[in-house]
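Participant: Dumping the structure here so I can ask a few things about it.
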Amino acid sequence: MMKLKSLFIALIATSAIGFYTNVSAKVGPAYNGGGSYGYACTHQTNGNVLLRSGPGQNYKVLARMPNGSDVSIIGERNSNGWVWYKVKFGRSVGWARSDYICS
């Protein structure tokens, strides 16, 4: 857990001074099968996380979740080398990459 917090702080600090790097580490909370909570985290203040109809970038965008938006994690699937979370955002249910859902 400490490594996760350190990674997140390092990413924020790096972003704040203008050296944003593409985040590829899987930093979201582990889904335990019973549901958990998290929030959309783009590592950009005014960014959005895309909520998709399926677990992959080729699926239709259902909604744009503003950075910091609360979500419920209700499932998990591996697809094309990424972990995708099935999440509930407001009244919408869809999929978001796990590295953009933080706890």
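Participant: Return the total of residues in the range 71-81 being modelled with pLDDT of 95 or more and either of a type in the set (S, T, Y) or in contact with a Gly (Cβ under 8 Å, 6 or more places away or on another chain) (or both).
Facilitator: 4
Participant: Still on this structure, please answer the following. Quick one: which of Y100, Y59, Y20 is hydroxyl-bearing (S, T, Y), open to solvent by 60 Å² or more (accessible area, probe 1.4 Å) and modelled with pLDDT of 90 or more? Reasoning before the result, please.
Facilitator: Details: Y100 fails: open to solvent by 60 Å² or more (accessible area, probe 1.4 Å); Y20 fails: modelled with pLDDT of 90 or more.
After ruling out the rest, the residue left standing is Y59.
Participant: Okay, moving on. If a residue has to be touching a Ser or Thr at 6+ places or on another chain (Cβ under 6 Å) and in contact (Cβ under 8 Å) with a residue 60 or more places away in the chain to count, how many in the range 40-52 make the cut?
Facilitator: 1
Participant: Another question, if that's okay. Which residue is farthest from G35 (Cα to Cα), if the candidates are limited to the range 45-56 and must be open to solvent by 50 Å² or more (accessible area, probe 1.4 Å) and assigned to a strand (DSSP E or B)?
Facilitator: This residue is N48.
Participant: Report the residue count in the range 74-91 for those that are touching a strand residue (DSSP E or B) at 6+ places or on another chain (Cβ under 8 Å) and either open to solvent by 40 Å² or more (accessible area, probe 1.4 Å) or without any contact (Cβ under 8 Å) to a residue 12 or more places away in the chain (or both).
Facilitator: The qualifying residues number 9.
The values are calculated or read from the model by the stated rules, or taken from the named source; none is laboratory data. Remember, predicted model here, so these are calculated numbers, not experimental data. Virtual Cβ from ideal backbone geometry, glycine too; neighbours counted across all protein chains shown. Note: areas computed on protein heavy atoms with side chains; ligands, DNA, RNA excluded. Shrake-Rupley method; radii C 1.70, N 1.55, O 1.52, S 1.80 Å.
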